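Worksheet: one structure, shown below.
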Amino acid sequence: MGELGPSTGDDGPSGEAEGAVEELSREECVELLGRRDVGRLTIVVDGQPEVFPVNYALDGDVVVFRTDPGLKLLRGSPARVAFEVDEIDDDGGVAWSVVVKGTAREITEALDVASERERALEIEPFSGAELRHRVRVVPREITGRRLRRPKR
């Protein structure tokens, strides 16, 4: 995809400025999160960020994913994390990105009603692996941006 630059001030056919960066509302961010099923989980390992693609589902604005034992679980529960989802439409010249910052907690054996509901969510791992552990990310902050490529 080409570079998305600053606004030219020209309105496109939708009435929105070409090349504009638009901040998204929390509601629109949650709606966009619901359109995808793969995102990127970011955790800190030995002082450095590590990014992992994960399949996920939503329970309201709570992100739930499946995983196996490893770094995503070894960091402890609860852990502060970031979760990102995006989409790029090269033909339409529009891209968006949503970031969820929050706390991740394993819910595999939790007995509360929310955990039971979240464990029942359909999450199909891309790898086909069973991935027995379930983790929820409770958002502290949800932000998003939409970018429009300027016309050339």
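The values are calculated or read from the model by the stated rules, or taken from the named source; none is laboratory data. Since the structure is predicted, the reported quantities are computational estimates derived from the model, not experimental observations. Using ideal geometry, Cβ is built from the backbone for each residue, glycine included, and neighbour counts are taken over all protein chains shown.
Applying the set (1) of a type outside the set (A, V, I, L, M); (2) closer than 24 Å to E28 by Cα; (3) touching a residue at least 60 places away in the same chain (Cβ under 8 Å) to S97 leaves exactly one unmet item: (3). Mind listing just one residue for me: the one in region 114-123 that is charged (D, E, K, R) and part of a helix (DSSP H, G or I) and, of those, surrounded by the most Cβ atoms within 10 Å (Cβ to Cβ)? Among residues in region 114-123 that are charged (D, E, K, R) and part of a helix (DSSP H, G or I), the one surrounded by the most Cβ atoms within 10 Å (Cβ to Cβ) is E118. State whether one or more residues within region 18-26 are assigned to a helix (DSSP H, G or I), surrounded by 14 or more Cβ atoms within 10 Å (Cβ to Cβ), basic (K, R) and at pLDDT below 90. Scanning region 18-26, I find no residue that is assigned to a helix (DSSP H, G or I), surrounded by 14 or more Cβ atoms within 10 Å (Cβ to Cβ), basic (K, R) and at pLDDT below 90, so the answer is no.
Report, by residue number, each residue of region 81-113 that is of a type in the set (S, T, Y) and either more than 17 Å from I123 (Cα to Cα) or assigned to a strand (DSSP E or B) (or both). S97, T103, listed by residue number.
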